[in-house]
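Heads up, the thing below is written out as structure tokens.
What follows draws every value from the coordinates through simple rules; no lab data is involved. Computed from a prediction, not measured in an experiment: that's the story for all the values here. All Cβ positions, glycine included, derive from the backbone under ideal geometry; neighbour counts span all protein chains shown.
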Amino acid sequence: MNKTLKWISVIIGSGLLLVFGYIFYVFSTFSFDEGKHYSKHDLIDNYNQNATQIADLKTYVNSIVPSNKKVDIEFEGNNKLLIFHLMDNGNYDSNWDLKLKSKKTDTLLTRLNWTKETLKTLKEKLDAANCISVKSGEPCIIGFQRSGMGKYFYNIFDKPIPDSLKSNYNDSCTYILYSDKVILEYGGGAIGPQCFPAK
């Protein structure tokens, strides 16, 4: 009986250690914009102020990504890529926390037929839009800012959203229909709110 209790205690203790270890890893690895917090109003204000730059960013990224590929990229400062995911002919290559000057970054640039200058231009366009990430495709998904462990996005469509999709993109939790071509999105983190925060 004592042996059974001992083993149960060891298993529970190990499980708790893994959970707390994972949480510590998440917080220590990602700064999440130094604890800054944004709101739906910040997301809307930024779009109203930078709609032209956001549209320009969308056009640019979709023009430089080959038709058989998709890119999801997020800059952290000027020398680091928090995310550089590449979908190439259905194969997903997930990459986190890359330095701009690294062999892995160079390999990904080669696969896209990009140069460091391409990255520089992309970063400049993100900065002009006051945004931090972009995912190519239709819709083009542009990351505004991280807020705590969550993140705010714009889903930008080329054409007005069909009526058949409007209910999917207007659930008042993850998505809010802003216009016939713009959807606001909130992505919750591992912990914290999973829907648009009330404030």
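Stretch Asp171-Asn68 to full length: gain in nm at 0.36 nm per residue minus the Cα-Cα span? Let's see the in-between values first.
Numbers: separation 103, 0.36 × 103 = 37.08 nm, distance 3.08 nm.
Using 0.36 nm per residue and subtracting the Cα-Cα distance, I get 34.0 nm.
Starting from the Cα-Cα distance between Asp180 and Gln194, subtract it from 0.36 nm times their residue separation and give me the gain in nm to one decimal.
Working: separation 14, 0.36 × 14 = 5.04 nm, distance 2.42 nm.
Taking Asp180 through Gln194 to full extension adds about 2.6 nm, to one decimal.
Output the pairs from Lys80/Lys159; Lys104/Lys181; Lys58/Lys104; Lys36/Lys125; Lys40/Lys103; Lys101/Lys181 with a Cα-Cα distance over 30 Å in this structure; if there are none, say none.
Working: Lys80/Lys159 33 Å; Lys104/Lys181 35 Å; Lys58/Lys104 25 Å; Lys36/Lys125 22 Å; Lys40/Lys103 38 Å; Lys101/Lys181 36 Å.
Lys80/Lys159; Lys104/Lys181; Lys40/Lys103; Lys101/Lys181, as the Cα separations exceed 30 Å there.
Work out how much length Ile11 to Leu109 would gain on full extension: take 0.36 nm times their residue separation and subtract the Cα-Cα distance, in nm to one decimal.
On the way: separation 98, 0.36 × 98 = 35.28 nm, distance 4.47 nm.
30.8 nm is the gain from fully extending Ile11 to Leu109.
Take each of the peptides 76-88, 156-168, average the number of other beta-carbon atoms within 10 Å over its residues, and list them starting from the highest.
Values: 76-88: 16.8, 156-168: 12.3.
Ranked by mean Cβ neighbours within 10 Å, highest first: 76-88, 156-168.
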